[in-house]
């Protein structure tokens, strides 16, 4: 049984990932700011392998407490706490109640809204890395399906980014806060990958593409330009990409086709 944690597991892609992991027999910690009925149902369906924990990534104490609870849930007789996979899907594009919108001009930039975007999309994942890294380092997996043992990661940490966070790929402008926050997240991932590589932890950023979730439905005109993926199929595809990554892929940025995205 592999041990996994999905951050942002309450709905959408995070929930689909948690469901796939549970169905394939993994022990799964589902972390979310809001514990939804769907998460409780998943926990009832897999009472011996799914653990739901409340965690607000903007609250460092909440993240630290969630990591402690995850460690307890992932400990079993004869096996110390450890984590073979972490998928961080939590992120923020729009929250009109806080004034967070994808700004299409400089005049629409609001400093408080931007600060909150950075708190969720950059500082939050960094705090998750800080408190969950000991579990990733403690993984006892020595082999993987792909690659030789020397290239097979003991654990993998995947952070869901966005192509709009690519500086090299930016030809259209706009979306100042979201672009900036995802570019900063990419730097966090790249920097952490150097440290975690010493422990054979593969850490990379993933652009999921356009998935049929509440987030993309709010931008129907924009998403009409892209291939819209079914959420369950997208989750299955992402897990296949994750399983194919070796230590040669750490510190890099890939999309849902497993193609590299420029920084």
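The values are calculated or read from the model by the stated rules, or taken from the named source; none is laboratory data. Just so we're clear, the structure is a prediction, and the values are computed from it rather than from any experiment. Backbone-built Cβ (ideal geometry, glycine too); neighbour counts: all protein chains shown.
Computed quantities for the displayed model
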item: Residue, modelled with the lowest pLDDT, within region 210-231, restricted to residues that are touching a strand residue (DSSP E or B) at 6+ places or on another chain (Cβ under 6 Å) and within 18 Å of residue 90 (Cβ to Cβ); result: 216
item: Residue match in region 134-146 (condition: touching a residue at least 60 places away in the same chain (Cβ under 8 Å), touching a strand residue (DSSP E or B) at 6+ places or on another chain (Cβ under 8 Å), surrounded by 15 or more Cβ atoms within 10 Å (Cβ to Cβ) and under 21 Å from residue 260 (Cβ atoms)); result: no
item: Test: residue in region 95-105 that is crowded, with 18+ Cβ neighbours inside 10 Å and in contact with a strand residue (DSSP E or B) (Cβ under 8 Å, 6 or more places away or on another chain); result: no
item: Of residues in region 106-129 being assigned to a helix (DSSP H, G or I) and free of Cβ contacts under 8 Å to residues at least 24 places away in the same chain, the one surrounded by the fewest Cβ atoms within 10 Å (Cβ to Cβ); result: 107
item: Condition check for residue 151: under 26 Å from residue 198 (Cβ atoms) and assigned to a loop (DSSP other than H, G, I, E, B); result: yes
item: Qualifying residue in region 30-40 (condition: touching a strand residue (DSSP E or B) at 6+ places or on another chain (Cβ under 9 Å) and within 23 Å of residue 154 (Cα to Cα)); result: yes
item: The one condition in (1) closer than 20 Å to residue 140 by Cα; (2) crowded, with 18+ Cβ neighbours inside 10 Å that residue 2 fails to fulfil; result: (2)
